[in-house]
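Laboratory data are not the source of any read-out in this text; all were calculated from the coordinates shown. What you are looking at is a predicted structure, and each value in this text was computed from that prediction instead of being measured. Positions of Cβ are generated from backbone atoms using ideal geometry, with glycine treated the same way; all protein chains shown enter the neighbour counts.
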């Protein structure tokens, strides 16, 4: 059987980035991450705010909400312009009204979005827009990779992108696809790539555990192509137990700037369980989380 590798992700291009914002602190940090990525890829940045429809509200009130959103959006972009954060970055502000995900989905198609960035404060807070369940809908449904800045993510953003990337893999096809993005980012930022596999085998003997760890590390090493040309030697970690808990443990210890993982759409109850795991990572990780779906989904 041929050795499975991440391959050379030469086909990955990021020309257009969409930042979904509600002007909250979490969304502000998300925008800073988008600008950092844009500086490395020369991508255009679209900053979008969707005013949610409110039934039973007069048209005048809804128009005032739109006008307020335009003012807030222009004020935010002006602040970034004055601070020099938009220097050399093509950008456009988008303010629309309607169902949040419907409008964002249309923007992804209209502007050929390669990368979507958003912020969330998590389920525990009542929210108006890209918070809690709406942010979850975004990374469930978006056809492009989604970078989510959660409530525990550090606010200090590396000026030109991540310097340390934690890639979590179970060796599945959707996971390998995400790994190509992790490798691509590591190559372009000369970042350290830390590769992690979490095994569910907890009730095995110590000898069996060592054998599982040895085999998993061998597979992790085999994912790196010979011509990867990484500036730093990758590191390989194997953990045992609950995937979300182990990934968070490693993230707090390693302090990466970004976590990358693949996601898929299983059926029935398994779908809710899988996405609950991904959302747990997003809402508790000390850094942003990049989720990547398979292209054929």
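Counting every other Cβ atom within 10 Å of each residue's Cβ, 167, 111 order from fewest to most as 111, 167. Using 0.36 nm per residue and subtracting the Cα-Cα separation, the extra length available between residue 187 and residue 214 on full extension is 7.1 nm. For the pair residue 79 and residue 172 in one chain, pulling the backbone fully straight at 0.36 nm per residue adds 29.2 nm over the alpha carbon distance.
Given 0.36 nm per residue, what is the gain on full extension from residue 206 to residue 242 after removing their alpha carbon distance, in nm?
On the way: separation 36, 0.36 × 36 = 12.96 nm, distance 1.79 nm.
That pair, residue 206 and residue 242, stretches by 11.2 nm at full extension.
Put in line by how crowded their Cβ is, counting other Cβ atoms within 10 Å and starting with the fewest, 292, 14 read 14, 292. Working from label points 7 Å from Cα in the Cα-to-Cβ sense, the residue 231 to residue 99 distance is 4.4 nm. By the count of neighbouring beta-carbon atoms within 10 Å, fewest first, 70, 101, 184 end up ordered 70, 101, 184. Given a Förster distance of 30 Å, report the FRET efficiency between residue 59 and residue 141 from their Cβ-Cβ distance, rounded to the nearest 0.05. So, using R0 = 30 Å, E works out to roughly 0.55.
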